[in-house]
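Report on the structure given below.
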Amino acid sequence: MATSAFQIEGATTADGRGPSIWDTFATRPGAVAGGDTGEPAADHYHRWRADLDLLAELGVDCYRFSVSWPRIQPDGHRVERRGLGFYRQLVNGLRERGIEPFLTLYHWDLPQALEDAGGWRSRDTAFRFAEYAALVHEELGDVVDHWTTLNEPYPCAVAGYGEGRHAPGAREGHGALAAAHHLLLGHGLAVRAMREQAALPHQFGIVLNQSPAVPVSSTAADAAAAARQDTLLRRQFTDPLFGGRYAPGLTAMFDGVSDFSFRHDDDLSIIGEPLDYLGVNYYYRLHVADAPHREPDPASRTVADIGVDTSRLPDVPRTGMGWPVEPEGLTEALVGLHNRYPGLPPVYVTENGCVYADRSDFADYERISFLNEHIEAARTAATAGVDLRGYFCWSLLDNFEWAHGYKHRFGLVHVDYETQRRTPRSSYRWYRDFIAAQRLLE
Ligand code: PNW
């Protein structure tokens, strides 16, 4: 089961927490649906004990959560002990319940003070991230074995600095490509810094979202468009992490947009620091057609303007967010990585889930079928040779779904945001029984 700090915690000013870029972005008119903010979310900061009881009753053996950077370094530098104390309690609570913590250091909530100094466009932020990682690792290294640096650098860089759909809400070309590079650099520096401290054999990894790009036709133009989409979303990250090179074609795609001067000589070896696992988040495939650039002049293009149209969906069922339901895309994503990168570390599915409109009795049969089919698709990949170590469902609780606010509900447990009452949906009981049955089969 997986969650993230900003999406469930609320309590955005408690115990010395500083503002994050999502607090700032959410107050911008029109940025988040319904004008929703990080308050109250699921008030997990105060209700974490009851939430861990829900996890324990579910029978999961691992829990993936993230640490809120602005709780630990409110102004990007000064250390707030109360923030560290919260996560120590949380991890102890997991261990008492027999659940293994999988900690993610960065799930998109950059301290606003670091954004004011340039954010991920700035090389210095990579070094600040490594410092923060070492700080948390020093503090919690005795109780946490699984350390994920970043959750999904792609939307951080592209939705955040290219499309303006996510915090900090910028629409840039060069800046967004620099952000992607500095996220990777920060990841590598953080892994190195934590490894130097580790007395115990800790596991270090990164989480990437993988939406395979499928061309809508067999024309060469659509195939090339799908390749551009894959380069931007997947290979920009996986090639330097696991292939020892920058993605071929990336610089050509952004000719006139960026000079890539943010790449320094030793960066590739830092980014390519060996990993113990890769986390894959899978929700949907992209169906890609060739299209004209929105901006004919490269100098005024954002990073998202790569001459593709992703609106032509196949005739398959859709989730409540309109995403096509294609479990085979998960098999394809996992097998594709395995085939492309011979040195790929062991893999976890670190997020997978969906949204459907609620019925009055919370009988979410569509979600049950979605999860069942996707777990099966992951199994198919393992049978095909992928070293698959586990599956995390997104998500335990309804939560702040970024630019969609509280409108879209991913939880196996329903949250009433007025009363903070938790009500398990049918999928919660199904997942509990499914896990219990797996244990019998083991
Ligand atoms: C994931 N976008 O990624 C995130 O890791 C979760 O926090 C999130 O709740 C989940 O998906 C469901 O959406 C996203 O480009 C990746 O808009 C991309 C986007 C949004 C979420």
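The values are calculated or read from the model by the stated rules, or taken from the named source; none is laboratory data. All values derive from a computational prediction rather than experimental measurement. When we count neighbours, we look across all protein chains shown, and the Cβ atoms used for this are built from the backbone with ideal geometry, even at glycine. Ligands, DNA and RNA are excluded from the accessible area calculation, which covers all protein heavy atoms including side chains. Shrake-Rupley method; radii C 1.70, N 1.55, O 1.52, S 1.80 Å.
At a glance:
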| item | result |
| --- | --- |
| Some residue of the stretch 281-300 being β-branched (Val, Ile, Thr) and more than 21 Å from Ala170 (Cα to Cα) | yes |
| Residue count for the stretch 276-333, restricted to those that are open to solvent by 30 Å² or more (accessible area, probe 1.4 Å), in contact with a strand residue (DSSP E or B) (Cβ under 8 Å, 6 or more places away or on another chain) and more than 15 Å from the ligand (Cβ to nearest atom) | 8 |
| Pair list, Cβ under 6 Å, 6 or more apart: the stretch 92-114 residue of a type in the set (Ser, Thr, Tyr) and assigned to a strand (DSSP E or B), other residue within 14 Å of the ligand (Cβ to nearest atom) and open to solvent by less than 20 Å² (accessible area, probe 1.4 Å) | Thr104/Ser66; Thr104/Thr148; Thr104/Asn151; Tyr106/Leu150 |
| Answer residue from the stretch 255-267, given it is buried (at least 19 other Cβ atoms within 10 Å of the Cβ) and within 25 Å of the chain's Cα centre (by Cα) and is nearest to the ligand (Cβ to nearest atom) among those | Phe262 |
| Long-range neighbours under 6 Å by Cβ, at least six apart or interchain, first residue of a type in the set (Val, Ile, Thr) within the stretch 125-141, second part of a helix (DSSP H, G or I) and buried (at least 22 other Cβ atoms within 10 Å of the Cβ) | Thr125/Leu114; Thr125/His182 |
| Filter pass, Arg340 being within 16 Å of the ligand (Cβ to nearest atom) and over 20 Å from the mean Cα position of the chain (by Cα) | no |
| Residues of the stretch 69-86 that turn out to be surrounded by 24 or more Cβ atoms within 10 Å (Cβ to Cβ) and among the β-branched types (Val, Ile, Thr), as a count | 1 |
| Qualifying residues in the stretch 190-219 (those that are in contact with a helix residue (DSSP H, G or I) (Cβ under 7 Å, 6 or more places away or on another chain) and within 16 Å of the ligand (Cβ to nearest atom)) - the one farthest from Arg235 (Cα to Cα) | Ile206 |
| Filter result (outside any loop (DSSP other than H, G, I, E, B) and open to solvent by less than 30 Å² (accessible area, probe 1.4 Å)) within the stretch 1-15 | Ala2, Ala5, Phe6, Gln7, Ile8, Ala14 |
| Search result, residues across the stretch 148-189 that are within 13 Å of the ligand (Cβ to nearest atom) and in contact with a strand residue (DSSP E or B) (Cβ under 8 Å, 6 or more places away or on another chain) | Thr148, Leu150, Asn151, Glu152, Pro153, Tyr154, Pro155, Cys156, Ala167 |
| Candidate set from the stretch 17-68 (those that are over 30 Å from Gly118 (Cα atoms) and in a loop (DSSP other than H, G, I, E, B)); member that is most open to solvent (accessible area, probe 1.4 Å) | Asp61 |
| Candidate set from the stretch 115-124 (those that are touching a residue at least 60 places away in the same chain (Cβ under 8 Å) and away from the ligand (no atom under 16 Å from the Cβ)); member that is farthest from Arg78 (Cα to Cα) | Arg121 |
| Only one of Val347, Val386 that is open to solvent by less than 60 Å² (accessible area, probe 1.4 Å), β-branched (Val, Ile, Thr), in contact with an Asp or Glu (Cβ under 8 Å, 6 or more places away or on another chain) and closer than 28 Å to Asp239 by Cα | Val347 |
